[in-house]
Amino acid sequence: MLDILLSGLAFAAYAGLAAHFWNTRWRPARGAEAPRGIQTWERLALLVPLALHGALLYGELIGARQLRFGFALALSAMLWLTVLFYWLESFFYELEGMQPPALALAALSVPLPLLFEGRMAGSYVATLGFKLHLTLAMLAYSLFTIAILHALLMAFIERRLHSAHHAPARRDAEGPGPLAGPFAHLPPLLTLERLLFRQIAAAFVLLTLTLATGIAFSESVFGRALSFNHKTLFAILSWLTFAVLLVGRHYYGWRGRTALRFTLAGFVMLLLAYIGSRFVLEVILGRGA
């Protein structure tokens, strides 16, 4: 009963803040100027759903007598960390426009573990190797989620600038420039691009460590380093995709649409590696237990 109450409160807090940021950043009242950066009260308000959601995850991951782990709990933990990373990042960068989608996704993820319990985990979940592997994986997923939201925001801004460049007369007639509203105070695109690749590089390091600890854990528990299944295949393909992107960026200066395509492709494969495959098994095939 307590889980249902906490879930409802966390969902309402996330959804309320998502609506607030949408109305004040993306759709400010006519004549009103969008706030510059996240306000102090907004940063404090974000701690409310983060605390409620964190308490739920603590009970499901640590406080439970027997861990049931599946796509829903993984997705919920990933999006909680995504909002936490955004909250920390907001102290250093003005990343307006990302709040509504991040908070809306987090709101939707909160009740999922109550609806889809997942399967009963084995005794190996108590081992240090599994805990380290799981922590690194969730951190990597979360940083890549921030990166994909960041990349989509950059693509939207670039399109607005491109449209305004080719239609200056129409832009002047309409009034505000192409980067009015939530984008008016964003750093330059080149600065955003550098930040994006720092996020991808940090997430890539975490993904590499995730694969390494997964191999070590599999070897110690199951007696083989790799099981060649869809999970392993998609994880390796995702790692290779981000490796190619970072190499291309370093040596050939890849950016723009090329970077967005590689980021999207790598992220989709990463989702399919665990969350997507577990969703198919638990929900579509009904093999959660």
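Per-residue answers, yes or no, for (1) at pLDDT below 75; (2) surrounded by fewer than 20 Cβ atoms within 10 Å (Cβ to Cβ):
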site: 64; (1), (2): yes, yes
site: 92; (1), (2): no, yes
site: 105; (1), (2): no, yes
site: 109; (1), (2): no, no
site: 126; (1), (2): yes, yes
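Going through region 239-281 one residue at a time, which ones are outside any helix (DSSP H, G or I) and in contact (Cβ under 8 Å) with a residue 24 or more places away in the chain?
Matches in region 239-281: 255 only.
For region 181-193, does any single residue satisfy the condition of being within 19 Å of the chain's Cα centre (by Cα) and modelled with pLDDT of 80 or more?
Checked against the condition, which is being within 19 Å of the chain's Cα centre (by Cα) and modelled with pLDDT of 80 or more, region 181-193 yields at least one hit.
Hey, among 224, 261, 198, 249, which residue is surrounded by fewer than 20 Cβ atoms within 10 Å (Cβ to Cβ), farther than 18 Å from residue 149 by Cα, at pLDDT 90 or above and not aromatic (Phe, Trp, Tyr)?
249
Out of everything in region 22-44 that is modelled with pLDDT of 75 or more and charged (D, E, K, R), what residue ends up being nearest to residue 83 (Cα to Cα)?
Result: 43.
The values are calculated or read from the model by the stated rules, or taken from the named source; none is laboratory data. Treat the numbers as computed from the prediction; the structure is a model and nothing was measured. Backbone-built Cβ (ideal geometry, glycine too); neighbour counts: all protein chains shown.
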